[in-house]
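Participant: Sharing a structure here in structure tokens format.
Each reported figure results from applying straightforward, stated rules to the coordinates on display, with no laboratory input. Keep in mind that this is a model prediction, so the values were computed, not measured. Counting neighbours? That spans all protein chains shown, and the Cβs are built from the backbone with ideal geometry, glycine included.
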Amino acid sequence: MGERKGQNLYYPPDYDPKAGGLNKWQGTHALRERARKIHLGILIIRFEMPYNIWCDGCKNHIGMGVRYNAEKKKVGMYYSTPVYQFRMKCHLCDNHFEIKTDPQNLDYEIVSGARRQENRWDPTQNEQIVPETKEVQRKLFDDAMYKLEHGAKDTQAAEEAKPVLGRLFQRNDSVWRDDFEANSRLRAQFRTRKKELKLQEEKDNALLARSSLAVALLPESDNDRRMAQLMRLHSSKTVHEKDKERRNAILNRPVLPSTCSGKQSIGSKQSNAKLECKSLGIVKRPASSIGKPDSSSEQMEQEKRPKLVEIAPEKRAEATTTSKAGTDTRPQLLLCNYGSGSSDSD
């Protein structure tokens, strides 16, 4: 089947072989839509982001490895190596950014529309093996003395690194001598840690359910426990102040609280009786003031009042004996004065 792929093409009846191939005869390009700007020197390719960048339009992060449909064009030469520039649109906004190749530094350079997230470092700081530059290679090839000095430095660095390498080899032999035992220990540690995390998650969920919260709880730390102990709720008064107030309250308390309450109840009853008498307009007067008229109105009122009859001594004695045997039937001199000129004196 594979050998017929080259010939499995449709040739229309009006096809003229003198015009060339099918693409040339139909006036199309072999790359179809990817070559729609080929007359401008632009080819549509699939470009993969070489490093992490920040978009200047939406300020979002675009990770390394994200692919775009980019417009590729040639913008210059570095000696015999062409320099290409790629223009693409951000998938999160309408911003376009441009990136070009940097053959001199074996890197990519952002031209516009974005900025690079700096994750670069000096490889000599973490003791990485750095390839020699072209200048050093040229000196090693031309200058024998420089080559000897360079070799002596390499030998000294190897001697200094021997103890460290020996300790690393010894540690690896002691830990990974038995692969099955090492894996068993690691799996046991993972199981224990997994159980602890599950138990902590259950406690956190119970706490959130009691507090009616929907937030993510961070793990506890020693600093959090120390701050929680310092932030305990203390009362505004000390124990000695509370004892002093309780002692003063006991000393100021009356010895016989029942007598005070009885006096207060009697005084309240008397005040209520006085209020009731005043509200009804009842005035108490002594019997001696009945026969003394002060004005014409008082004389007319005295005529209407019942006269007091003087009782004989014998009958008075009989009345006293009967009052002792039964109830006291002595009349009370309660006079009602509904006039405006009456006085309220007892």
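Participant: Please name which of ALA70, LEU92, PRO82 has its Cα lying farthest along the dipole of the range 48-101 towards the positive end, using unit charges on Cβ (Lys, Arg +1; Asp, Glu -1) and the Cα centre as origin.
Facilitator: After comparing all options, I get PRO82.
Participant: List, largest first, the extents of the alpha carbons of the range 133-176 along their principal axes, each in whole Å.
Facilitator: Taking the Cα atoms of the range 133-176, the three principal extents are 47, 18, 9 Å.
Participant: Can you check what the net charge comes to around ALA114, using other residues whose Cβ is under 12 Å from the Cβ of ALA114 (Lys, Arg +1; Asp, Glu -1)? The partial results should precede the final answer.
Facilitator: Details: positive: LYS59, ARG87, LYS89, ARG115, ARG116; negative: ASP56, GLU98, GLU109.
Net charge around ALA114: +2.
Participant: What three numbers, in Å, describe the spread of the alpha carbons of the range 43-173 along their principal axes, ordered from the longest?
Facilitator: Principal extents (largest minus smallest coordinate, Cα): 58, 42, 22 Å.
Participant: OK, next. Note the direction-averaged projected area, equal to a quarter of the hull surface, for the Cα convex hull of the range 17-116, in nm². Before the final figure, lay out the partial values.
Facilitator: On the way: hull surface 32.7 nm².
Projected area, direction-averaged: 8.2 nm².
Participant: Quote to one decimal, in nm, the extra length available between ASP14 and ASN183 on full extension: 0.36 nm per residue of separation minus the C-alpha distance between them.
Facilitator: Details: separation 169, 0.36 × 169 = 60.84 nm, distance 7.32 nm.
Gain in length upon complete extension: 53.5 nm.
Participant: Contour minus end-to-end for SER211 and GLU127, with contour as 0.36 nm per residue of separation and end-to-end as the Cα-Cα distance? All intermediate terms of the calculation are to be shown ahead of the outcome.
Facilitator: Details: separation 84, 0.36 × 84 = 30.24 nm, distance 5.22 nm.
Result for the pair: 25.0 nm of gain on full extension.
Participant: Apply 1/(1 + (r/R0)^6) to the Cβ-Cβ distance of LYS194 and ARG225, taking R0 = 25 Å, and write down the FRET efficiency to the nearest 0.05. Each step should come with its number before you reach the end.
Facilitator: Working: r = 24 Å, r/R0 = 0.97.
That pair, LYS194 with ARG225, gives E of 0.55.
Participant: Ok, one more. Taking just the alpha-carbon atoms of the range 43-92, what radius of gyration and Dmax come out, in angstrom?
Facilitator: Spelled out, the Cα radius of gyration and Dmax of the range 43-92 are 12.6, 38 Å.
Participant: Please give the contour-minus-distance gain from LYS100 to ALA161: 0.36 nm per residue of separation, less the Cα-Cα distance, rounded to one decimal in nm. The partial results should precede the final answer.
Facilitator: Values: separation 61, 0.36 × 61 = 21.96 nm, distance 4.07 nm.
Gain in length upon complete extension: 17.9 nm.
Participant: Related question: Estimate the FRET efficiency between VAL83 and LEU168 by the formula 1/(1 + (r/R0)^6), using the beta-carbon distance for r and 35 Å for R0, to the nearest 0.05.
Facilitator: On the way: r = 44 Å, r/R0 = 1.25.
My answer for the efficiency is 0.20.
Participant: Highest mean first, what order results for 156-165, 247-256, 107-116, 58-67 on Cβ atoms within 10 Å? Walk me through the intermediate numbers first.
Facilitator: Numbers: 156-165: 9.7, 247-256: 8.2, 107-116: 15.0, 58-67: 12.5.
Put in order of decreasing packing, that is 107-116, 58-67, 156-165, 247-256.
Participant: If you find the alpha carbon centre of the range 172-240 and of the range 77-151, how far apart are they in angstrom?
Facilitator: After rounding, the separation between the Cα centres reads 46 Å.
Participant: Using a Förster distance of 56 angstrom, determine the FRET efficiency expected from the C-beta separation of VAL66 and MET145, and round it to 0.05. Write down the numbers at each step before the final one.
Facilitator: On the way: r = 51 Å, r/R0 = 0.91.
Using R0 = 56 Å, I get an efficiency of 0.65.
Participant: Report the one residue of TYR146, THR133, LEU168 whose Cα lies farthest in the direction of the positive end of the charge dipole of the range 133-176 (charges on C-beta: Lys and Arg +1, Asp and Glu -1; origin at the Cα centre).
Facilitator: Positive-end residue among those listed: LEU168.
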